[in-house]
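**Student:** Quick one: the structure is below, questions incoming.
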Amino acid sequence: MISIPLLEEQGYFDVPIQVAAMRLGLGVTTLKRICRDNNISRWPYRKRKSLGTLIDRTKQVLDDGTGQDNLPKLAALQVLEKQRQIMQVWLSC
């Protein structure tokens, strides 16, 4: 049986749904149905990738020191990392 914690632990949410379905030997529709039965309305790959990209870019700006005031950027980075953590905890429940 496929479970959401298994999908999270095995890294399936880090790839597009087509790739995950192929690796699992399932159809995309079947994988979508499993997710919807577990209250996941959308495959989380794009949201996770977007958050990761935003976090990386914010860290790069902070490391470069190219901003006048890094405090707002640091606060934004903390918010983004908190969102990513919440998403991971929510998916692993």
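The values are calculated or read from the model by the stated rules, or taken from the named source; none is laboratory data. These numbers come from a predicted model, not from an experiment. Don't worry about glycine lacking a Cβ; one is built from the backbone with ideal geometry, like all the others, and counts go over all protein chains shown. Quick note on the areas: whole protein, heavy atoms, side chains included, nothing else; ligands and nucleic acids left out. Shrake-Rupley method; radii C 1.70, N 1.55, O 1.52, S 1.80 Å.
**Student:** Working only within the stretch 33-48, note down all residues that are in a helix (DSSP H, G or I), surrounded by 14 or more Cβ atoms within 10 Å (Cβ to Cβ) and either modelled with pLDDT of 95 or more or under 12 Å from the mean Cα position of the chain (by Cα) (or both).
**Tutor:** TYR45, LYS47, ARG48
**Student:** Okay, next question. Please work out which residue is modelled with the lowest pLDDT, limiting yourself to the stretch 69-83 and to residues that are open to solvent by 80 Å² or more (accessible area, probe 1.4 Å) and under 12 Å from GLY52 (Cα atoms).
**Tutor:** It comes out as GLN83.
**Student:** Identify the residue in the stretch 1-22 that is of a type outside the set (A, V, I, L, M, F, W, C) and part of a helix (DSSP H, G or I) and, among all such residues, is most open to solvent (accessible area, probe 1.4 Å).
**Tutor:** GLU9
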